[in-house]
Amino acid sequence: MNARKKSPEDGLKFMRAVARHQGWALNPDEEFVNQLAAGLAHNYNVYGYFLCPCRDGDGDRRLDKDIICPCDYVEADHKEYGHCLCGLFLSQEFAASGQTPSSIPERREGGI
């Protein structure tokens, strides 16, 4: 399936690259970010793609395409709440506010 297994460090590199490319900030809680990086790596090793670690996927890339990290819901979540469902990616404004991400509603039909 995968030519090379992904490590949590690979997940972290991916998350940093996405945040940098999109102009987002990562959650400042390093332990939390490292847990999500491990989840991303695990999901990649199981499914072959970086499935959002806070959602349950189907294991079918076609059905999961909207929740491949970064998911399709980040922009709307940023506009309304300042962070994504996971609390991983923060808008620059939210990050500058010093607030901590909190629970937000799932936008994906069918829930988490």
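What follows draws every value from the coordinates through simple rules; no lab data is involved. Since the structure is predicted, the reported quantities are computational estimates derived from the model, not experimental observations. Backbone-built Cβ (ideal geometry, glycine too); neighbour counts: all protein chains shown.
How far is helix 30-47 tilted off the main Cα axis of the chain, in degrees rounded to 10, range 0 to 90?
30
Students often forget the sequence filter, so: which lysines lie under 29 Å Cα-Cα from residue 79 once same-chain residues fewer than 8 apart are removed?
Excluding near neighbours in sequence, the set is 13, 65.
Per DSSP helix of 4 or more residues, -39500 (n - 2.57); summed, then divided by the residues of the chain. What does that give at 222 nm, rounded to the nearest 500? Write down the numbers at each step before the final one.
Numbers: 5 runs with 51 residues, N = 112.
Computed ellipticity for the chain at 222 nm equals -13500 deg cm²/dmol.
Write down the Kirkwood hydrodynamic radius of the chain, to one decimal in angstroms, obtained as one divided by the mean of 1/r over all alpha carbon pairs.
Mean inverse Cα-Cα distance, inverted, gives 14.2 Å.
Taking Cα centroids, how far is region 5-30 from region 60-112 in Å?
Rounded to whole Å, the Cα centres lie 14 Å apart.
Could you tell me which residue out of 105, 28, 94 lies farthest along the dipole of the chain toward its positive end? Charges go on the beta carbon: Lys and Arg +1, Asp and Glu -1, centred on the Cα centre.
28
Residue 51's amide H: which non-local residues (gap 5+, or another chain) put their own amide H closer than 5 Å, with H modeled 1.01 Å from N in plane and none for Pro or chain starts?
Result for residue 51 returns 44, 69.
How high is the relative contact order of the chain? Use alpha-carbon pairs under 8 Å, at least six apart in sequence, and give a whole percent.
Numbers: 138 pairs, mean separation 26.7, N = 112.
Once normalised by length, the contact order is 24 percent.
Where the only charges are on Cβ atoms (+1 Lys, Arg; -1 Asp, Glu), what is the dipole of the chain about its Cα centre, to the nearest 20 debye?
For this selection, approximately 460 debye.
With axes computed from alpha carbons, what is the tilt in degrees of helix 8-22 against the longest principal axis of the chain, rounded to the nearest 10 within 0 to 90?
Helix 8-22 sits at roughly 50 degrees to that axis.
How large is the Kirkwood hydrodynamic radius of region 1-64, counting all unique pairs of alpha carbons, in Å?
In region 1-64 this quantity evaluates to 12.2 Å.
Using 7 Å Cα-to-Cβ label points, what is the residue 46/residue 13 separation (nm, one decimal)?
Using points 7 Å along Cα→Cβ, the separation is 2.3 nm.
Based on DSSP loop calls and a cut-off of at most 15 other Cβ atoms within 10 Å, the longest stretch of the chain free of exposed GluC sites (Glu not before Pro) is what?
Answer - 1-105.
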